[in-house]
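Student: Below you will find the structure I want to go over with you.
The values are calculated or read from the model by the stated rules, or taken from the named source; none is laboratory data. Keep in mind that what you see is a predicted model, and the values were worked out from it rather than measured. Methodologically, a virtual Cβ is constructed for each residue, glycine included, from the backbone with ideal geometry; neighbour enumeration extends over all protein chains shown. Areas reflect the complete protein model, heavy atoms only, side chains present, ligands, DNA and RNA absent. Shrake-Rupley method; radii C 1.70, N 1.55, O 1.52, S 1.80 Å.
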Amino acid sequence: MKIQETIWITGASSGIGEALAIEYAAPGVRLILSGRSEDKLRSVADKCQERGAEALVFPLDISVTDQLQAKVETLREKVDRVDVLVNNAGISQRSKVLETSLSTHRKLMEINYFGTIELARLVLEWMIEKGGGTMVVMSSITGRFGFPLRSSYSASKHAILGFFGAMDLEYSKQGIKVCMILPGRINTPISLSALKGDGSQKGTMDKGLAGGMDVRKCARKIKRAVRKGKYITYITRKEIILVWIYKFFPSVFRLIARRINPE
Ligand SMILES: NC(=O)c1ccc[n+]([C@@H]2O[C@H](COP(=O)([O-])OP(=O)(O)OC[C@H]3O[C@@H](n4cnc5c(N)ncnc54)[C@H](OP(=O)(O)O)[C@@H]3O)[C@@H](O)[C@H]2O)c1
């Protein structure tokens, strides 16, 4: 079947990226699945192929920014265009400011910010050559306010909103659409790989996240928002109230958020 749409998803080996790949998988869709764990990507690719999609396993470590150009060039030899780039790969944090080394702060920014923007920059050039495309970026509601134990995570999620907001203004006339996604709590294993202050992984599942939105529901909402070309989409349940309270009553937000027992 002729390919009608090519969608590149980073962080496709787990959680939201995996669910999104499966949600998009259909005849006529080509999926490019990236992340570090090739075995996990292969198993996601199998599920996508069962649904009739073409799925290309394309492992990469987004934090190795000086290799991303070569990666994009390799991909350009395999596929003619990317219609949608879902900048989803990311890691979280569970450590207070004073417990966190600078190298841990840098590691979070390397993956969640620098790797993400460098890949987007390289694909942006390619998309413009082909007449346009959609840049989806996975921020978070903590891209709207700081949250305990997530100082640099929150900073990285604020930072990408600023970067992609500027990209939208600069390149919309060249056919580039930006869709910013701000999830609340989604039930994924993200807390397992969240960094502690010394850079080691937390290794346990947060209770709050386990009670979060089902990841397949989250994927359906993201797909719908991207299809509609929505600029900003919150994927939340009751957590959305924190966004509005912070926006209109920041002092009240601080009273509430200080009482939340963070994990
Ligand atoms: N779950 C939530 O409640 C929530 C809320 C707000 C925002 N988000 C955001 O949603 C995105 C996906 O998170 P998730 O919840 O689905 O977590 P997840 O299940 O842990 O998935 C994270 C994905 O990112 C990939 N990744 C991590 N480091 C990478 C690197 N250096 N290079 C390439 N890929 C890398 C992982 O693949 P490998 O390990 O195979 O590399 C994995 O596929 C993240 O950006 C996260 O910040 C999640």
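Student: So how strong a dipole does region 5-238 carry about its Cα centre when Lys and Arg Cβ are +1 and Asp and Glu Cβ are -1, to the nearest 20 debye?
Tutor: Taking the Cα centre of region 5-238 as origin, the dipole is about 1160 debye.
Student: Let me ask something else. Taking the Cα centre as origin and putting +1 on Lys and Arg beta-carbons and -1 on Asp and Glu beta-carbons, what dipole magnitude results for region 135-226, to the nearest 20 debye?
Tutor: Here the size comes out at about 420 debye.
Student: Which angle between 0 and 90 degrees, to the nearest 10, do you get for helix 116-129 versus the longest principal axis of the chain when only C-alpha atoms count?
Tutor: 30
Student: For region 211-244 and region 133-152, what is the separation of their C-alpha centers, rounded to whole Å?
Tutor: Cα centroid to Cα centroid, the span is 13 Å.
Student: Within region 79-181, report the chymotrypsin sites (Phe, Trp or Tyr not before Pro) that DSSP leaves as loop and that have at most 16 other Cβ atoms within 10 Å.
Tutor: Within region 79-181, no chymotrypsin sites (Phe, Trp or Tyr not before Pro) qualify (loop, at most 16 other Cβ atoms within 10 Å).
Student: Find out how many positive minus negative residues lie around Thr116, taking Lys and Arg as positive, Asp and Glu as negative, among other residues whose Cβ is under 12 Å from that of Thr116.
Tutor: Overall, the nearby charge balance is 0.
Student: Now, a different point. Could you list the trypsin sites (Lys or Arg not before Pro) in region 154-263 that lie in coil according to DSSP, counting only those with at most 10 other Cβ atoms within 10 Å of their Cβ?
Tutor: Those that pass, being in a loop and sparsely packed, are Lys238.
Student: Percent of accessible area on region 148-246 owned by carbon and sulfur, 1.4 Å probe?
Tutor: That fraction is 55 percent.
Student: Another question about this same structure. Kindly state, to the nearest 0.05, the FRET efficiency for Leu98 paired with Arg237, given R0 = 30 Å and r defined as their beta-carbon distance.
Tutor: On the way: r = 32 Å, r/R0 = 1.07.
The calculated FRET efficiency here is 0.40.
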